[in-house]
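Peer 1: Attaching a single structure in C-alpha cells format; questions to follow.
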Amino acid sequence: AKSIGELRGKGVREVGLYFSAHWCGPCRSLTPGLAQVYNEMKAQGKTFEFIFVSSDKSAEEAASYSASMPWAAIPYGSPQIAELKKAFEVRGIPRIVTLRLGATATDPVEVIAPTVPFFYQNPYGFPWAGGK
C-alpha cells in the first residue's frame, strides 16, 4: 500500500477508502462500476486514489476480490483495517470515505461524508461531497 506521503508527493489530494468485501452482494455490485469510473477518470489525468479496506473473512477472499480492483489495498490482517473502521465508524459496507489531503504533512486531512449513494447519482463527480 502507498503511504499518504507518497500519494501527496504524486499530487494526490483526494483518497477514497473503499470499505468492501467479497461476501457482500451490494459490494460486488458496486465494485465493477467504481472500477470503470476510476479507470476512466485516471485516463483523463485526474489525481486521486482509492484504497481497498477489506472486510473479507480470509486472506484468500481478500486477495481474490482485490484482484478485481485497479487500486491499492491495505494488506489483509493489517491492524490499520480495524483502526480505520473504528476511526470512520464503519458499521456497514459498501462504504467510501473520502479524505482530502493537505499539501504538506502538517496540513490537516479533511474527511468528506460517506459517499456511496452520491456515486450512483453522479459517478464522475468524485469526491461526491454532498451529492454535487
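Peer 1: Would you confirm whether any residue within segment 17-27 is modelled with pLDDT of 90 or more, part of a helix (DSSP H, G or I) and buried (at least 18 other Cβ atoms within 10 Å of the Cβ)? Talk me through it step by step, then tell me what you get.
Peer 2: The first filter runs over segment 17-27 and keeps only residues modelled with pLDDT of 90 or more, leaving 17-27.
If we keep only those that are part of a helix (DSSP H, G or I) as well, we get 25-27.
Remaining after also requiring buried (at least 18 other Cβ atoms within 10 Å of the Cβ): 27.
For segment 17-27, residues modelled with pLDDT of 90 or more, part of a helix (DSSP H, G or I) and buried (at least 18 other Cβ atoms within 10 Å of the Cβ): present.
A quick yes/no check of all residues on (1) of a type in the set (Lys, Arg); (2) in a loop (DSSP other than H, G, I, E, B); (3) modelled with pLDDT of 65 or more:
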site: Arg91; (1), (2), (3): yes, yes, yes
site: Ile96; (1), (2), (3): no, no, yes
site: Leu99; (1), (2), (3): no, no, yes
site: Gly102; (1), (2), (3): no, yes, yes
site: Val111; (1), (2), (3): no, no, yes
site: Pro114; (1), (2), (3): no, yes, no
site: Pro123; (1), (2), (3): no, yes, yes
site: Pro127; (1), (2), (3): no, yes, no
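Peer 1: Can you name the residue in segment 47-67 that is modelled with pLDDT under 95 and farther than 14 Å from Phe19 by Cβ and, of all such residues, is nearest to the chain's Cα centre (by Cα)?
Peer 2: Glu49
Peer 1: May I ask you to list the residues in segment 60-79 that are free of Cβ contacts under 8 Å to residues at least 40 places away in the same chain and either of a type in the set (Lys, Arg) or assigned to a helix (DSSP H, G or I) (or both)?
Peer 2: Glu60, Ala63, Ser66, Pro79, listed by residue number.
Peer 1: May I ask you to verify whether Ala82 is under 14 Å from the mean Cα position of the chain (by Cα), surrounded by fewer than 18 Cβ atoms within 10 Å (Cβ to Cβ) and not in a strand (DSSP E or B)?
Peer 2: Values: under 14 Å from the mean Cα position of the chain (by Cα): no; surrounded by fewer than 18 Cβ atoms within 10 Å (Cβ to Cβ): yes; not in a strand (DSSP E or B): yes.
No; evaluated as a whole, the condition is false for this residue.
Peer 1: So how many residues does segment 5-61 have that are farther than 24 Å from Thr104 by Cβ and aliphatic (A, V, I, L, M)?
Peer 2: Final tally of qualifying residues: 9.
Peer 1: Based on this model, can you work out whether Leu30 counts as touching a residue at least 40 places away in the same chain (Cβ under 8 Å), touching a helix residue (DSSP H, G or I) at 6+ places or on another chain (Cβ under 8 Å), surrounded by 12 or more Cβ atoms within 10 Å (Cβ to Cβ) and not basic (Lys, Arg)? So that I can check it myself, show each step before the final result.
Peer 2: Numbers: touching a residue at least 40 places away in the same chain (Cβ under 8 Å): yes; touching a helix residue (DSSP H, G or I) at 6+ places or on another chain (Cβ under 8 Å): yes; surrounded by 12 or more Cβ atoms within 10 Å (Cβ to Cβ): yes; not basic (Lys, Arg): yes.
Answer is yes for this residue.
Peer 1: Okay, next question. Has segment 33-46 got at least one residue that is at pLDDT below 95, farther than 21 Å from Arg13 by Cβ and either loosely packed, with under 13 Cβ neighbours inside 10 Å or among the polar types (S, T, N, Q) (or both)?
Peer 2: yes
The values are calculated or read from the model by the stated rules, or taken from the named source; none is laboratory data. Since this is a predicted model, take the numbers as computed values, not measurements. Using ideal geometry, Cβ is built from the backbone for each residue, glycine included, and neighbour counts are taken over all protein chains shown.
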